[in-house]
Amino acid sequence: MVQNYVFPATVSEAVTFLSTNRGKARIIAGGTDLMLELQDGKNTCDVLVDLTQIAELKNITEENGYIRIGASVTHAQAAKSDLILKHAPALAQACRKVGSLQIRNMGTIVGNIVTGNPAADAAVALTALETTAEVTTLEGMQTMPLEDMYAGVCLSCIDSCCQVVTHVKFPVKKKNQGSAYLRMEQRKALALPMLNVSAMVSLSGDTFEWVRLIVAPVGAGPQHAQDAEEFLKGASVSEATIVEAGKLARNQAMFRSSAIRGSKEYRMGVLPVFVERVLHAAVEDARKA
Ligand SMILES: Cc1cc2nc3c(=O)[nH]c(=O)nc-3n(C[C@H](O)[C@H](O)[C@H](O)COP(=O)(O)OP(=O)(O)OC[C@H]3O[C@@H](n4cnc5c(N)ncnc54)[C@H](O)[C@@H]3O)c2cc1C
């Protein structure tokens, strides 16, 4: 049971708290996932280490060719950020879809990744953007590709009792690059995504130089639609190509029927349409750049 709640002022203080408590202290950011887990007994800890007072974790910055997002940045903050709107519309679109206004005001982007949910909105968009995380422990800092942070469905490789993800970062958008995000949901209410897709495209004239096309929830963490990505590399930007990519995206889409997210047959049926729409939106963004 939680007996203490601390507000470290620096990252170094946070990792020291965690280490002193040897597995019994755990990081809390917005608490939108963790508080429910503690309440349901799915998680226990004696001390909660709150990151929200650490000044260096509150900002979104452009540094050395990257957009860098601190661990306390919320979905609401990212959705309105000029830097995110300019360099990563996919992420702004994903953050706008999360939960309700209250959840977006509290929930963080980093928490959305560490929680390990395969259909987490921000995490899907960040995968398309080729995101890496900066992870700090008492021993120092290491970087980790977002795609390596999943240990299974709703399981993270991050041990939040000793590792602090301080920032995530992705490359700034270059000329002729664009991104987009779409999700299907049951109704206009608080609903988990039934299907989410995100794309980052790099164009050379009327040709796709490369495409990162991400689909979820189809496995542990956001997954690449590899056959569609391979097909689009060097292909012309045309309606026929985009339609074909939508069909190929099914090859890696291992949906499981779910009472909440819908049947696998239904989601397999609509996937090509969502892929077509997200590719069109990403191409439009790239042509604006
Ligand atoms: C009603 C409701 C609706 C929701 N709707 C959606 C939705 O539509 N889409 C969606 O994607 N999500 C949704 N969520 C989930 C949730 O809001 C997000 O996953 C949120 O982004 C988690 O961030 P947080 O700051 O609240 O994390 P917390 O709950 O504070 O933490 C989550 C986990 O990550 C760990 N952690 C947090 N920060 C760090 C860090 N910096 N380093 C290491 N470990 C860390 C914690 O220890 C904990 O295990 C919903 C949740 C609720 C309650």
What are the residues in segment 6-39 that are more than 10 Å from the ligand (Cβ to nearest atom) and either assigned to a loop (DSSP other than H, G, I, E, B) or of a type in the set (D, E, K, R) (or both), if any?
-> F7, P8, A9, T10, E13, N21, R22, G23, K24
If you check Q177 against the conditions, is it open to solvent by 10 Å² or more (accessible area, probe 1.4 Å), touching a strand residue (DSSP E or B) at 6+ places or on another chain (Cβ under 7 Å), closer than 22 Å to D50 by Cα and polar (S, T, N, Q)?
-> no
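Look at segment 243-289 and say how many of its residues are β-branched (V, I, T) and surrounded by fewer than 16 Cβ atoms within 10 Å (Cβ to Cβ). If you could, list the steps in order and put the result at the bottom.
Applying the first criterion (β-branched (V, I, T)) to segment 243-289 yields 243, 260, 270, 273, 275, 278, 283.
Okay, now just the ones that are also surrounded by fewer than 16 Cβ atoms within 10 Å (Cβ to Cβ), so 243, 260, 270, 273.
Count: 4.
For residues in segment 92-109 being within 7 Å of the ligand (Cβ to nearest atom), assigned to a helix (DSSP H, G or I) and open to solvent by 10 Å² or more (accessible area, probe 1.4 Å), which is farthest from I67 (Cα to Cα)?
Initially, segment 92-109 is screened for residues within 7 Å of the ligand (Cβ to nearest atom), giving 97-100, 103, 106-109.
From what's left, assigned to a helix (DSSP H, G or I): 97, 103, 106, 109.
Now drop any that are not open to solvent by 10 Å² or more (accessible area, probe 1.4 Å), which leaves 97, 103, 106.
Working: K97: 21, I103: 23, M106: 21 Å.
Residue satisfying both the conditions and the ranking: I103.
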Pair list, Cβ under 7 Å, 6 or more apart: segment 216-233 residue more than 15 Å from V278 (Cα to Cα) and modelled with pLDDT under 90, other residue open to solvent by 20 Å² or more (accessible area, probe 1.4 Å) and assigned to a loop (DSSP other than H, G, I, E, B) | P217/R261; V218/M254; G219/M254; A220/V153
Answer yes if at least one residue in segment 62-83 is assigned to a helix (DSSP H, G or I), closer than 19 Å to I158 by Cα, within 11 Å of the ligand (Cβ to nearest atom) and touching a strand residue (DSSP E or B) at 6+ places or on another chain (Cβ under 9 Å), and no otherwise.
-> no
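So is L126 more than 8 Å from the ligand (Cβ to nearest atom), open to solvent by less than 60 Å² (accessible area, probe 1.4 Å) and of a type outside the set (D, E) or not? Walk me through it before giving the result.
Details: more than 8 Å from the ligand (Cβ to nearest atom): yes; open to solvent by less than 60 Å² (accessible area, probe 1.4 Å): yes; of a type outside the set (D, E): yes.
Judged against the criteria, L126 is a match.
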Filtering segment 130-143 down to residues that are in contact with a Lys or Arg (Cβ under 8 Å, 6 or more places away or on another chain) and assigned to a loop (DSSP other than H, G, I, E, B), which residue is most open to solvent (accessible area, probe 1.4 Å)?
-> E130
Of all residues in segment 14-43 being among the basic types (K, R) and in contact (Cβ under 8 Å) with a residue 24 or more places away in the chain, which is surrounded by the most Cβ atoms within 10 Å (Cβ to Cβ)?
-> R26
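Within segment 44-57, how many residues are farther than 10 Å from G70 by Cβ and surrounded by 21 or more Cβ atoms within 10 Å (Cβ to Cβ)? Please lay out each step first, then the result.
Just the residues of segment 44-57 that are farther than 10 Å from G70 by Cβ, to begin with: 44-50, 52-53.
If we keep only those that are surrounded by 21 or more Cβ atoms within 10 Å (Cβ to Cβ) as well, we get 45, 49.
Count: 2.
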Scan of segment 190-242 for residues that are open to solvent by less than 20 Å² (accessible area, probe 1.4 Å), under 18 Å from L146 (Cα atoms) and part of a strand (DSSP E or B), ordered by number | N196, V197, S198, A199, M200, V211, L213, I214, V215, A216
Complete set of residues in segment 110-123 that are open to solvent by less than 20 Å² (accessible area, probe 1.4 Å) and either part of a loop (DSSP other than H, G, I, E, B) or out of contact with any His (no Cβ under 9 Å at 6 or more places or on another chain) (or both) | I113, G116, P118, A119, A120, A123
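The values are calculated or read from the model by the stated rules, or taken from the named source; none is laboratory data. All of these numbers come straight from a predicted model, not from anything done at the bench. Cβ: placed from backbone, ideal geometry, glycine included. Neighbour counts: every protein chain shown. Just so you know, the surface numbers come from the protein's heavy atoms only, side chains and all, with ligands and any DNA or RNA stripped out. Shrake-Rupley method; radii C 1.70, N 1.55, O 1.52, S 1.80 Å.
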